[in-house]
Every structure is written in structure tokens, then in C-alpha cells.
Amino acid sequence: MNQQPLSIYIHWPYCKSKCPYCDFFKRVQKNVPQDEIIRFYLKELDFYHRLLPERRICSVFFGGGTPSLITPDNIKRLLEHIFKLWQVAPQVEISLEANPNSAYSDMFFKLRHAGINRLSLGVQALNDNDLRFLGRTHNLKQALYNIEEVLKNFDNHSMDLIYARPQQTLDDWQKELEQAANFGFKHLSLYQLTIEENTPFYKKNIQPMDEERAANMYTFTVDYLRKHGYPRYEVSNFASATYESIHNKCYWEGGDYIGIGESAHGRLNINGKFYALDNPPAHNGFVTKRHKEILTAKERAEELLIMGLRLQSGIDKSRFNAQCGLVFDAFINKKNATLLEQQGLIVNNHHYLAATDAGFLLLDNLIMQLV
């Protein structure tokens, strides 16, 4: 029996409102036919079970959109169906992203009893002015109440913040970072604000923080959190080894996962062939067709390089070779790798290649130089 691990991403694209910085696929919609969509998701899970009957589920991630809008009863239905179809790892991670604006009475208590064992709270800022600037529909008082409820109801938890806001000073960010580290979350996800095309911020000509200030802010963040029990394990994610996200590491380390719902995608290794799967947006929220593409060894290798360099631990060369069939040192540009190592931007030895602290500031450039 093939007991390869498999992760499941369940995408709930519905939101109460759309944030002006967000370029993800979202639906701002009232009167969502939730039960009908959940029944469709159950059928999608059945399809993937017929395709991959002997896998072992290591993580389930409810993302969005705003998956905390899914009722606890429907979350329970999905999880019970997954557990009925597949074997499940003893330490399976079941994560859900929640927004303070979707909170209702005993929400976190009900989510935990529905089967969620890891809660990620999208706070984004710890002052009312920046919450308004970011288009968040919760205020600081609501955020603090939700933080308290998450910490009370879950043992494994994470908080999201956005930094490098245009008018933010390093002193401002330091105060928020100190506050965030003192809450007691097991994991922090900190994202630099970028202005993407086709977002309201872009259309309003909001200018991002200049690169030098943003780089200084990032360097300070990494150093501060390292000293306060949150080592960086991925470019935007900070936690001790015990609380690193199992699900997200599946992406970064090139594991197999399936995506359920509109705009969800997956990566699967089946009988030595590697497939890229995606579900394009569909009429009324129901996926009518799946796109499936076989990746060449080179395309697969490029993905592994792009994702793996995001990790503090870098790219495990033996795992890379097993995952795409190419020898890592023959695939990369050796001349450029030597130059990058001499410049102190990467560490490259027989076992792995990883970015240094200086290299993390130039990650996109490293990828271009190495491919």
C-alpha cells in the first residue's frame, strides 16, 4: 500500500468585503448557498479518493477568502468525510484562517469542537488607523478580543500581520512586533505590503514603502523575533520547530496536495509523472472542469527551486533529485552559484543550498541567477 502523505487545501472564496491590497480570487456575496457548495466539495473529495485511495492525510487547510464564514457543522461534515475516505496521520494538522470580522458567539470554541486544531487569525495591524487604511472591517478592540478567544481555545495558533505600510516607521513597527510577540502565539506570519495590479490600492496609486526602508524593517523583524523565540523558518513565517506549519511546508518542500473549490490548485506525483492541477473560477461557485497539466522534469525542478529557497533550511539536494529526477548541482547555474556563495548570499554544500540572511533580501534575484 502506498502510504505517501497527502495534504488537502479547501478554498472558501467568499468574503464579507474585499481588502484594497488583496489580489486573490474572492467573491463578495450575500446569501451564499453554503450547504449546496459543501455537498459539491464532498463530491470533489470522493473524486480524489478514487484517484488516490491509499494516501495518508497529514494536513488539511481551510483557506480563502474567509473560511471562518463556513458553519462549524459544515466544517465537521468535510472533516468527517475526509477521515472516512483516507487514513490520517496521528499528528494531522487541521488549520483554518479566521477573520475578526466574522466572529460570532463562541466561534472559536465551536471551530475547535468541529475538528480544527490550528487557528490562524488575520489581524493585519494592531492600531485602528492602519486597520482602516488596510480596509479591514474590524477594529483593534475586536482584534484583541479575538486574540484572547483564540489563545483560550487552541493550543496551536498563528497570527498574521502586514508591515511596511507606506507611512509606518520602524519605531511604530517595533511596538507592534513587541506586542505580537508578547501575546503568546505559537506562530507568526508577517507579510510585507505589496501593491499588486488590479487592486484598489494600485488604482488609487498608493505607493509602497521604498525598498531600503522595507529591507531594514525586515532585517529588524528577523533579528527581533529570533531573540524572542520565533526563529524564521520561511521568508515570512516565524516559529519554533515544533510549531512550523505542516501544511505550508508541504508546498515549500514539494509535497503532494490537492485543492478543493474555485481557484484552488494542487500538485500530485502519480506513477512517476508530476501533475499541476487547478480549478478555474466557475459559474455560481461550482467548478465545472479541472485543468490538468503534466510538468516536465525541468518545470518541476524550477518550482522546487523557487519554493525551496523560501525556507531557512533551503533545498535538500537528495530530496530534490528524488522529486524531479534531475541532479540538483547539474540543474543550477554552477558559475552563478559560486559567485553568490563568494558574495555571502547562499550556503552551498554537498547536502543543501540555502539563502543567507543577506540572501533573503535578494531572493528573487537569487532564483534568477540559479535557474
* **Test: residue in the range 8-16 that is open to solvent by 40 Å² or more (accessible area, probe 1.4 Å), modelled with pLDDT under 95, more than 23 Å from residue 123 (Cβ to Cβ) and not in a helix (DSSP H, G or I)** => no
* **Neighbours by Cβ (under 7 Å, 6+ apart or cross-chain): first from the range 349-371, closer than 11 Å to residue 310 by Cβ; second small (Gly, Ala, Ser) and not in a helix (DSSP H, G or I)** => 354/313; 354/314; 355/314; 363/355; 366/355
* Would you mind finding the one in 155, 160 that is out of contact with any Leu (no Cβ under 8 Å at 6 or more places or on another chain) and either surrounded by fewer than 19 Cβ atoms within 10 Å (Cβ to Cβ) or within 28 Å of residue 75 (Cβ to Cβ) (or both)? => 155
* Wholly within the range 21-130, which helices (runs of 4 or more DSSP H) include no fewer than the required count, namely at least 1 residues that are more than 21 Å from the chain's Cα centre (by Cα) and under 30 Å from residue 273 (Cα atoms)? -> 34-51, 72-85
* To do: Using the structure shown, decide if residue 60 is within 17 Å of residue 266 (Cβ to Cβ) and either modelled with pLDDT of 95 or more or not hydroxyl-bearing (Ser, Thr, Tyr) (or both).
  => yes
* Which of (1) in a loop (DSSP other than H, G, I, E, B); (2) modelled with pLDDT of 95 or more is the odd one out, the single condition residue 149 does not satisfy? -> (1)
* Structure fact -> Of (1) surrounded by fewer than 16 Cβ atoms within 10 Å (Cβ to Cβ); (2) touching a helix residue (DSSP H, G or I) at 6+ places or on another chain (Cβ under 7 Å), residue 202 fails just (2)
* Structure fact -> Taking first residues from the range 194-218 that are of a type in the set (Val, Ile, Thr) and second residues anywhere that are open to solvent by 100 Å² or more (accessible area, probe 1.4 Å), the pairs with Cβ under 8 Å that are 6 or more apart or on different chains are 195/202; 195/207
* Could you say which residue among 277, 340, 326 is farther than 21 Å from residue 244 by Cβ and in a loop (DSSP other than H, G, I, E, B)? -> 326
* **Close pairs (7 angstrom Cβ cut-off, 6 or more residues apart or separate chains): closer than 14 Å to residue 43 by Cβ and open to solvent by less than 80 Å² (accessible area, probe 1.4 Å) in the range 272-290, modelled with pLDDT under 70 and not polar (S, T, N, Q) anywhere** => 279/287
* To do: Filter the range 313-363 down to residues that are farther than 30 Å from residue 210 by Cβ and of a type in the set (D, E, K, R) and give me whichever is surrounded by the fewest Cβ atoms within 10 Å (Cβ to Cβ).
  => 335
* Asked: Of the numbered conditions (1) over 18 Å from residue 250 (Cα atoms); (2) open to solvent by 40 Å² or more (accessible area, probe 1.4 Å); (3) among the aliphatic types (A, V, I, L, M), residue 85 satisfies every one except a single condition; which is it?
  -> (2)
* Please tell me if residue 113 is out of contact with any Phe, Trp or Tyr (no Cβ under 6 Å at 6 or more places or on another chain) and not basic (Lys, Arg). => yes
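The values are calculated or read from the model by the stated rules, or taken from the named source; none is laboratory data. Note that the structure is predicted; figures quoted are calculated from it, not measured. Please note: Cβ atoms are built from the backbone with ideal geometry, for glycine as well, and neighbour counts cover all protein chains shown. When the accessible area is computed, the model is the full protein with side chains, heavy atoms only, and any ligands, DNA or RNA have been set aside. Shrake-Rupley method; radii C 1.70, N 1.55, O 1.52, S 1.80 Å.
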